[in-house]
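Throughout, read-outs are computed from the coordinates displayed, never taken from laboratory work. What you see is a predicted model, and the numbers here were worked out from it, not measured in a lab. Ideal geometry is used to build each Cβ from the backbone, glycine not excepted, and the neighbour counts take in all protein chains shown.
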Amino acid sequence: MRKNWYARLPLNSTYGTIPTPVGPLSLFVSAAGLHRILWGNEHELEESQQALQSFKKDERHPLFLKTVRALQEYFAGERRTFDVPLVLQGTDFQMQAWQALSTIPYGETRSYAEQAEKVGNRNKARAVGMANHYNPIPILIPCHRVIGANGQLTGFAGGIALKQYLLTLEKKFSALRSAA
């Protein structure tokens, strides 16, 4: 799925990069919506470098600006859901897995088996984990909210430290809102 992901982007796609508490995020957008977020070590991959060189940088694109605002609000604890239009491409199973991710509430977690059950087969937890790994739009499609059956943080494309940061951020702001 990762190989040549950028070849499927519309020719009029643009990107921009923003600093965040989890490091730089590169957002690929078109008039249709947000296509991909690159983060962490993804920036170092050859295909990501090719994507960054293949598309125009435009940090004034309206959808880029809308996504930036939404992410800033998320990191500030002011946003729990996203209304940015997403353009997803994947297998039918990946699309189902990503849809299931989108139903996990802010500040909560689910196991891979619970996510697999939502997709229709509790025994497909490993397949769900692989689909999550290929999630093209992390944070907005919250794959960080999926944990191991034993409650441990496992398998995360952005790294376990990043997963822990996002979960801690959400729990902190959930607790603050509950106390208010």
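Quick notes on this one:
- Here the range 92-179 is described by how far its Cα atoms reach on the three principal axes: 39, 25, 23 Å, from widest to narrowest.
- Here is how the number arises for the chain: DSSP H runs of 4 or more residues each give -39500 (n - 2.57), the sum is divided by the residue count, and the result at 222 nm is -12000 deg cm²/dmol.
- Projecting the Cα atoms of ALA70, GLY151, GLY129 onto the charge dipole of the range 30-180 (Cβ charges, centred on the Cα centre) puts GLY151 farthest toward the positive pole.
- Within the shell of other residues whose beta carbon sits under 11 angstrom from the beta carbon of VAL128, the net charge comes to +3, with Lys and Arg scored +1 and Asp and Glu -1.
- Residue order, fewest to most surrounding Cβ atoms within 10 angstrom, among GLU114, GLU78, GLU73: GLU78, GLU73, GLU114
- Value of Rg to Rh for the range 5-75 (Rh from inverse mean 1/r over Cα pairs, i.e. Kirkwood): 0.94
- Net +/- balance of residues flanking GLN96 in space, Cβ distance below 11 Å, scoring K and R +1, D and E -1: +1
- Fewest-first ranking of VAL119, VAL84, using other Cβ atoms within 10 Å as the exposure measure: VAL84, VAL119
- Considering only ALA113, ALA51, ALA161, the mean-square fluctuation computed in a Gaussian network model of the chain, springs between alpha carbons under 10 angstrom, is largest for ALA161.
- Max mean-square fluctuation residue, GNM over the chain, Cα-Cα springs under 10 Å, options ASN150, ASN135, ASN123: ASN150
- Long-range amide H partners of LEU25 with built H, under 5 Å: ILE18, THR20
- Student exercise, the chain dipole from Lys, Arg, Asp, Glu Cβ charges, in Debye to nearest 20: 220
- For GLU47, GLU170, order by how many other beta-carbon atoms lie within 10 Å, fewest first: GLU47, GLU170
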